[in-house]
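Scroll down for the structure; my scribbles are underneath it.
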Amino acid sequence: MYSFRGHNDGATPVAGLTVVDGKLYGTTNRGGGLKGYGTVFEISTSGTETVIHRFNGKDGEYPAAGLIYVKGTLYGTTFEGGDSSNCCGTVFSMSLSGDERVLYHFKGKGIYDEYGYAPEGSVIYVNGKLYGTASGGAKEYGVVFEVSMSGQERVLYSFKGFPKDGTYPYAGLVALGGKLYGTTYEGGRTGECDYSGCGTVFEVSPASGEERVVYVFRKQSSGDDPLAGLIVVGGVLYGVATEGGYLKDYCAPHGCGTIFKLTTSGNETTLYTFRGSGDGAEPEADLLVSGGTLYGTTYIGGANSFGTVFQISP
């Protein structure tokens with residue numbers, strides 16, 4: 001449909017797309033002019049691309065997440081930028097014509113790191129507010145944050161780390177039953193995954209900020225290092241773990257990754273364990289559900305070792 005040229009039109013799109021009125025909207029992590037701080041673009045289904053915004057630093061830099069569309073407005077995050085020192089990341093709103101407003105810019109490291117910084121995942125909209133995850137926090141293990149439409153930020157939860165809590169929530173959140181759910185890349189029980197832990201699925205209350213670890217991954221049985229977020233199908237959580245599972249041959253010693261489903265009470269079922277050379281390895285992106293089937297990608301593996309697109313029944 002479109003091949004980026006790497007300068008004014010953007011470069012290195014690392015996130016997914018959002019459909020609005022028959023057009024696709026997305027972000028590029030780089031490009032967009034001399035500063036190369038990234039763009040927001042629109043592309044028609046016939047392949048005509050239009051850059052609707054080029055980031056300049058003060059309004060954000062290097063968006064690593066996709067966009068959401070709520071009541072006529074796009075919302076997203078940038079990994080860095082947001083003030084005169086080009087530090088720490090933003091949550092922004094944008095019209096479909098490209099008028100951008102920084103709702104909140106993260107304060108950064110040091111004495112302010114309890115507020116979080118450098119968001120990598122998308123935000124979600126729940127009851128008039130935006131929710132997401134970022135680095136930082138009281139122990140530098142990451143946070144879950146809330147931002148109002150007027151730009152007021154509140155840290156709902158600051159992760160405490162292993163052995164009981166998770167660390168490093170890189171992906172976005174999903175809402176289910178009045179609670180927020182997400183993954184942490186590491187943390188949880190030690191042992192199988194050395195001192196860092198295998199990762200967790202967590203639950204946070206938007207009202208109180210109370211957190212509960214729903215599930216702790218076990219490297220060989222359920223997976224390790226979930227980098228992607230979750231999706232909800234029929235009241236059940238589905239996701240992928242980037243490593244773990246089958247630990248031999250192509251995938252030794254870390255494992256090729258798994259596909260799992262999980263109830264909110266913590267009952268986990270491993271739907272599939274990747275083997276590498278034939279079916280793929282290291283799934284890093286969120287799953288998609290369409291017509292009752294789950295679809296996804298693996299980063300490497302497959303017949304040519306360059307990754308796969310897969311489908312699986314829930």
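The values are calculated or read from the model by the stated rules, or taken from the named source; none is laboratory data. A quick note: this is a predicted structure, and the numbers were derived from the prediction, not measured. With ideal geometry, Cβ positions are generated from the backbone for all residues, glycine too; neighbour counts draw on all protein chains shown.
Conditions tested, residue by residue: (1) within 26 Å of L173 (Cα to Cα); (2) at pLDDT 90 or above; (3) over 19 Å from the mean Cα position of the chain (by Cα).
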{"position": "T12", "(1), (2), (3)": "yes, yes, no"}
{"position": "Y25", "(1), (2), (3)": "yes, yes, no"}
{"position": "G32", "(1), (2), (3)": "no, yes, yes"}
{"position": "T50", "(1), (2), (3)": "no, yes, yes"}
{"position": "E61", "(1), (2), (3)": "yes, yes, no"}
{"position": "T90", "(1), (2), (3)": "yes, yes, no"}
{"position": "S95", "(1), (2), (3)": "yes, yes, yes"}
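Within segment 1-39, work out how many residues are in a loop (DSSP other than H, G, I, E, B), surrounded by fewer than 18 Cβ atoms within 10 Å (Cβ to Cβ) and of a type in the set (D, E, K, R).
Qualifying residue count for the region: 3.
Return the total of residues in segment 277-302 being at pLDDT below 90 and in contact with a Phe, Trp or Tyr (Cβ under 8 Å, 6 or more places away or on another chain).
As a first pass, look at segment 277-302 and keep what is at pLDDT below 90: 277-278.
Next, from what is left, pick out any that are in contact with a Phe, Trp or Tyr (Cβ under 8 Å, 6 or more places away or on another chain): 277.
Residues flagged as at pLDDT below 90 and in contact with a Phe, Trp or Tyr (Cβ under 8 Å, 6 or more places away or on another chain) within segment 277-302 amount to 1.
Filtering segment 185-198 down to residues that are under 15 Å from G257 (Cα atoms) and modelled with pLDDT of 90 or more, which residue is surrounded by the fewest Cβ atoms within 10 Å (Cβ to Cβ)?
Filtering first and then ranking leaves Y185.
State all residues of segment 257-299 that are buried (at least 16 other Cβ atoms within 10 Å of the Cβ) and β-branched (V, I, T); if no residue qualifies, say none.
Selection gives T258, I259, T264, T270, T273, T297, T298.
Considering E146, E140, E153, which residue is in contact with an Asp or Glu (Cβ under 8 Å, 6 or more places away or on another chain), closer than 22 Å to A207 by Cβ and modelled with pLDDT under 95? Reasoning before the result, please.
Details: E146 fails: modelled with pLDDT under 95; E140 fails: closer than 22 Å to A207 by Cβ.
Matching residue, one of E146, E140, E153: E153.
Among residues belonging to segment 164-187 that are hydroxyl-bearing (S, T, Y) and either touching a helix residue (DSSP H, G or I) at 6+ places or on another chain (Cβ under 6 Å) or not in a strand (DSSP E or B) (or both), point out the one that is farthest from L237 (Cα to Cα). Don't jump to the end; show me each part of the working.
The first filter runs over segment 164-187 and keeps only residues hydroxyl-bearing (S, T, Y), leaving 167-168, 170, 181, 183-185.
If we keep only those that are either touching a helix residue (DSSP H, G or I) at 6+ places or on another chain (Cβ under 6 Å) or not in a strand (DSSP E or B) (or both) as well, we get 168, 170, 185.
Values: Y168: 20, Y170: 17, Y185: 17 Å.
Here the residue is Y168.
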